[in-house]
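The values are calculated or read from the model by the stated rules, or taken from the named source; none is laboratory data. Everything quoted here is computed from the prediction, not taken from an experiment. Positions of Cβ are generated from backbone atoms using ideal geometry, with glycine treated the same way; all protein chains shown enter the neighbour counts. Calculation scope for accessible area: heavy atoms of the full protein, side chains included, ligands and nucleic acids excluded. Shrake-Rupley method; radii C 1.70, N 1.55, O 1.52, S 1.80 Å.
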Amino acid sequence: MGPSEGIERFDSPGKGRGMRALRHFGLGELLFTCPAYTCVLTSQERGNHCDLCFCRKEGLAKCGKCKQAFYCNVDCQKGDWPMHKLECSSMCAYGEQWNPSETVRLTARIIAKQKTCKERTPSEKFLTVKEFESHLSKLDNEKKELIQNDIEALHHFYSKNLHYADNATLEFLFAQVNCNGFTIEDEELSHLGSAIFPDVALMNHSCCPNVIVTYKGTVAEVRAVQEINSGDEVFTSYIDLLYPTEDRNDRLLDSYFFTCECRECTIREKDKAKLEIRKLNEPPNPKDVRDMIKYARGVVEEFRRAKHFKSPSELLEMCELSMEKMGTLFAETNIYMLHMTYQSMGICLYMQDWEGALKYGGKIIQPYRKHYPPYSPNVASMWLKLGRLYMGLEKKIAGIKALKKAVAIMEVAYGPDHHYIEEVKKEMEQ
């Protein structure tokens, strides 16, 4: 039995369609793979990764016309041409003004593919793109307005090379993409691009997932992170599992229009640790705790907006001030403290302040191990970052120790033969 033969589509009670196992899967075992139906490389990674296969290498060849797309070789360039031709002349015409969002680019490619490919693709063994939920009727006016902005951008940048349907059909398609699109990430969970993986989209959500989705180029791989028995439903997580139950369900309701009723959301076993209060002489007033949580949620959102217009030094100051205030009540392991610590680490990495990044990263790793499920790529990526920082700062013993911890998780989440693991092992030998 090969991958995808041990699973099936079924009607999941209370959840609609879903996926279940037809046999036992052991820890780290591959359930199935799904090539991208279509995908787009993020503009920030152009020149670092191939636009077709997302391979990371030096010396990529430019598209001779637009000079903005890069490829491993002629084969990759030819393979991408049916999709790249939608953008190539437009890139030339608009130059630096060519800036459609990844969602617009991805949707344009879906429209083009659906016109030329009438048969079911290898990405749609269990679920077709046309079957995607849109939840269009549940969208508020703000979300509908954002979709209309995307439709305007589609008309603006693609009208010469792409023929599409009426506004209502486009609105429905954009809603489908918003609800079913995936972000492809590298081993440090840096954003590489956006993609459509229909069969992966069939899986329902749980905050106690039994599989993890990782990527090998533009192919999604689904592996067991718990023992899965024949007849068990296959669950992935749609969201970051670091946050407490209320936050997770706010995100699920906002993006996917449902509330999770998994075991973790029912018993909330991890919430107390995730919202840990520092040791004080007297127990804090419950109202003070609620007020601080409200402040923390607000500062997380404020920081998200501020990243678009504040300088790195201003952002770092914002993080430090918020942590100082939260630290009067919250322990360092509290997830809101961790969130701002992680943002601080990212700013230091951006500014190439390696010592500062290492300082913040050292505060994150143990709480991450506590709050995230076993074999979490989030924990592996943090060990990787720490290991690479140690190695760069010539602290080789600590570096190798951290990289080995990353590899131990990655061998389950990514599979032992993944090229990322090979690259990390080479780093340890240097």
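Descriptive notes on the structure:
- When restricted to residues that are among the aliphatic types (A, V, I, L, M), in a loop (DSSP other than H, G, I, E, B) and either over 12 Å from Thr218 (Cα atoms) or in contact with a helix residue (DSSP H, G or I) (Cβ under 8 Å, 6 or more places away or on another chain) (or both), the stretch 31-88 contains 3.
- Just one of the numbered conditions (1) surrounded by fewer than 19 Cβ atoms within 10 Å (Cβ to Cβ); (2) among the hydrophobic types (A, V, I, L, M, F, W, C); (3) assigned to a helix (DSSP H, G or I); (4) modelled with pLDDT of 95 or more is not true of Cys92: (4).
- Pairs where the first residue, in the stretch 229-250, is aliphatic (A, V, I, L, M) and at pLDDT 95 or above and the second is surrounded by fewer than 20 Cβ atoms within 10 Å (Cβ to Cβ) and in a loop (DSSP other than H, G, I, E, B), C-beta under 8 Å, 6+ apart: Leu241/Tyr372; Leu241/Pro373; Leu242/Tyr372
- Flag: Leu321 does not match the condition of being in a helix (DSSP H, G or I) and in contact with a helix residue (DSSP H, G or I) (Cβ under 6 Å, 6 or more places away or on another chain).
- The set of residues in the stretch 341-398 that are under 19 Å from the mean Cα position of the chain (by Cα), open to solvent by 40 Å² or more (accessible area, probe 1.4 Å) and aromatic (Phe, Trp, Tyr) comprises Tyr342, Tyr375.
- Selection over the stretch 399-422 of residues that are closer than 20 Å to Glu227 by Cα, open to solvent by less than 40 Å² (accessible area, probe 1.4 Å) and without any contact (Cβ under 8 Å) to a residue 40 or more places away in the chain gives a count of 1.
- Of all residues in the stretch 243-266, those being closer than 20 Å to Gly16 by Cα and open to solvent by less than 50 Å² (accessible area, probe 1.4 Å) number 8.
- Test result for Lys118, open to solvent by 20 Å² or more (accessible area, probe 1.4 Å) and in contact (Cβ under 8 Å) with a residue 40 or more places away in the chain: no
- No other residue among Glu45, Glu58 is of a type in the set (Asp, Glu), more than 20 Å from Ala108 (Cβ to Cβ) and either free of Cβ contacts under 8 Å to residues at least 12 places away in the same chain or open to solvent by 10 Å² or more (accessible area, probe 1.4 Å) (or both) apart from Glu58.
- The condition (being touching a strand residue (DSSP E or B) at 6+ places or on another chain (Cβ under 8 Å) and closer than 23 Å to Ser194 by Cβ) is satisfied by just one residue among Cys39, Cys88: Cys39.
- Elements of type helices (runs of 4 or more DSSP H) in the stretch 194-286, at least 2 residues being more than 28 Å from Ser134 (Cβ to Cβ): 263-267, 271-274
- Any hit, the stretch 294-305, residues being more than 22 Å from Gly346 (Cβ to Cβ), in contact with a Lys or Arg (Cβ under 9 Å, 6 or more places away or on another chain) and either open to solvent by 50 Å² or more (accessible area, probe 1.4 Å) or not in a loop (DSSP other than H, G, I, E, B) (or both): no
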